[in-house]
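Asks: The following block contains the structure, expressed as structure tokens.
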Amino acid sequence: MIRTLEDFLTNWKHESESTLKILDTLTDESLNQKVYEEGRTLGTLAWHIVVTIDEMIGKTGLQFNATPHDAPNPKNAKEMAMAYKESSDAMVQAIKEQWSDETLLEEKDMYGQTWSVATILQVLISHQTHHRGQITVLMRQAGLTVPGMYGPSKEEWLAFSGEAPE
């Protein structure tokens, strides 16, 4: 639950660093990986995370420079990672400069519903985590190593202990 800006900023720091680790691991070749023919590609999911920062937080009235929510999907994995970092950093800086804890109680129109700013921030984190999970499955299918986010990944555990976790 987000009760203060510091609650969000602390949580976002970990979550955005985890997302950036994932995005930094992607290769240009992996961006076309799909679970099934009609499914979203790994690149489409990754770019969706990037542009959602502008799409969701832009609805709060926060003024910051982020990759626009309607920006075309690049074909370069490094460009995606850079766009994510720049958008995330700009959002964090703008929150620190423009908002107070009281801002979290303000209500905004979101997708035809009324959400508090605190709810919007929590949904942004949950949305990102949801899609990051989808991306990790596609990364495995594409033969990429998945970095640990809430503890070591299989490969990190092997390097640490010499044994694969059950």
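Asks: Suppose we take every Cα in segment 1-76 and form the convex hull; what volume per residue is that in Å³?
Replies: Enclosed volume per residue, from the Cα hull, is 129 Å³.
Asks: Between Val123 and Glu163, what FRET efficiency follows from the Cβ-Cβ distance if R0 is 45 Å, with the result rounded to 0.05?
Replies: That gives a FRET efficiency of 0.75.
Asks: Tell me the relative contact order for the chain as a rounded percent, counting alpha carbon contacts under 8 Å between residues six or more apart.
Replies: The value is 29 percent.
Asks: Moving on. Give, in whole angstrom and from largest to smallest, the semi-axes √(5λ) of the equivalent ellipsoid of segment 105-166, with λ running over the eigenvalues of the Cα gyration tensor.
Replies: They are 36, 14, 6 Å, listed from largest to smallest.
Asks: Oh, and also: How far is helix 42-57 tilted off the main Cα axis of the chain, in degrees rounded to 10, range 0 to 90?
Replies: 10 degrees
Asks: On to the next question. Where the only charges are on Cβ atoms (+1 Lys, Arg; -1 Asp, Glu), what is the dipole of the chain about its Cα centre, to the nearest 20 debye?
Replies: 260 debye
Asks: To continue, here is another question. Skip the ligands, DNA and RNA, and give the accessible area per residue of segment 27-70 with a 1.4 Å probe, whole Å².
Replies: Result: 51 Å² per residue.
Asks: Cα to Cα, under 21 Å, and not fewer than 8 places away if on the same chain: which lysines meet these conditions relative to Lys59?
Replies: Once the sequence-local lysines are set aside, what remains near Lys59 is Lys85, Lys96, Lys108.
Asks: Over its Cα atoms, what ratio of radius of gyration to 2.2 N^0.38 Å does segment 1-145 give?
Replies: The reported ratio for this selection is 1.06.
Asks: Which chymotrypsin sites (Phe, Trp or Tyr not before Pro) in segment 1-36 sit in a loop by DSSP (not H, G, I, E or B) and have at most 15 other Cβ atoms within 10 Å of their own Cβ?
Replies: Tyr36
The values are calculated or read from the model by the stated rules, or taken from the named source; none is laboratory data. A quick note: this is a predicted structure, and the numbers were derived from the prediction, not measured. Glycine gets a Cβ as well: all are built from the backbone with ideal geometry, and neighbour counts include every protein chain shown. In case anyone asks, the SASA skips ligands and DNA or RNA and just uses the protein heavy atoms, side chains included. Shrake-Rupley method; radii C 1.70, N 1.55, O 1.52, S 1.80 Å.
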